[in-house]
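The values are calculated or read from the model by the stated rules, or taken from the named source; none is laboratory data. Here the structure is a predicted model, which means the values were calculated and not measured. We place every Cβ from the backbone using ideal geometry, glycine too, and count neighbours over all the protein chains shown. The area values use the complete protein model at the heavy-atom level, side chains included, leaving out ligands, DNA and RNA. Shrake-Rupley method; radii C 1.70, N 1.55, O 1.52, S 1.80 Å.
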Amino acid sequence: AIYMSLCLESAFRLYFDEILRCERTKCYWALLHVVAAMPDICGALESGNGEASGNRYKDWCKRYLSNTPLSPEEWYEVRNIVLHQGRTLPRHGRYTHFTFSQPNDKGEHEHGREVGPNILNLDVGQMAHEIWNGMTVWFYNLAAEGDSRRTRNVERNIGTLVHVSIRGKEPIPGAVMRFTPIITNTTSSP
């Protein structure tokens with residue numbers, strides 16, 4: 001189980017490094033785009049055809065982002081309006097506006113606070129931590145599921161993740177190895 005988690009962490013290293021780079025350089029608008037895309041990527045990897053869909057996005061959020069200020073439908077709405085429209089005005093849901101902020105110099109944030117009637121403030125740094133935590137639990141759950149349909153789909157699709165090469169060097173392939181747990185005790189929780 002730990003082996004598979006490490007393989008997934010390795011396959012997603014590009015994304016985790018980008019999250020850290022965005023936080024370190026305070027590129028929170030770019031970070032929001034990475035964060036909004038992650039449930040799409042994870043949901044697509046779990047699918048039989050490797051394709052993303054709204055239902056897969058929301059299902060992944062329901063399973064791994066349930067303790068956040070947004071419902072799965074609101075996560076999907078944020079994804080749609082930010083990534084595809086560059087806006088903050090949802091068409092559906094509890095809120096008429098989302099505002100996005102970053103932590104202040106002391107690291108304080110106002111994540112999940114209503115800042116006006118039906119206006120929700122979301123701290124992008126906190127959203128990134130929610131995604132990271134959700135993905136970590138997802139990695140462990142996939143490993144614990146063993147030979148489930150979902151795990152087999154991820155194994156089959158993981159090699160399709162984006163690979164980045166450094167000029168003059170060969171790209172490092174994604175997790176082209178099979179996820180075979182070397183620890184058979186999967187009853188312990190992460």
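Looking at (1) within 19 Å of Ala30 (Cα to Cα); (2) in a loop (DSSP other than H, G, I, E, B); (3) touching a Leu at 6+ places or on another chain (Cβ under 6 Å), which is the one condition that is false for Phe98?
(2)
Could you count how many residues in segment 127-153 are outside any loop (DSSP other than H, G, I, E, B) and among the acidic types (Asp, Glu)? Spell out the reasoning first.
Just the residues of segment 127-153 that are outside any loop (DSSP other than H, G, I, E, B), to begin with: 127-145, 149-153.
This time we only want the ones that are among the acidic types (Asp, Glu), so: 130, 145.
The number of residues fulfilling the criteria is 2.
Are there any helices (runs of 4 or more DSSP H) wholly within segment 10-95 with 2 or more residues that are open to solvent by 60 Å² or more (accessible area, probe 1.4 Å) and not hydrophobic (A, V, I, L, M, F, W, C), and if so which? Quick ask: steps written out before the conclusion?
Numbers: elements: 13-24, 28-46, 54-64, 72-85.
Correct list: 13-24, 54-64, 72-85.
For segment 117-125, state whether one or more residues are closer than 20 Å to Met38 by Cα, touching a strand residue (DSSP E or B) at 6+ places or on another chain (Cβ under 6 Å), in a helix (DSSP H, G or I) and in contact (Cβ under 8 Å) with a residue 60 or more places away in the chain.
Taking every residue of segment 117-125 in turn, at least one turns out to be closer than 20 Å to Met38 by Cα, touching a strand residue (DSSP E or B) at 6+ places or on another chain (Cβ under 6 Å), in a helix (DSSP H, G or I) and in contact (Cβ under 8 Å) with a residue 60 or more places away in the chain.
Which residues, counting only those in segment 123-143, are at pLDDT 90 or above and of a type in the set (A, V, I, L, M)?
Passing the criteria: Val124, Met127, Ala128, Ile131, Met135, Val137, Leu142.
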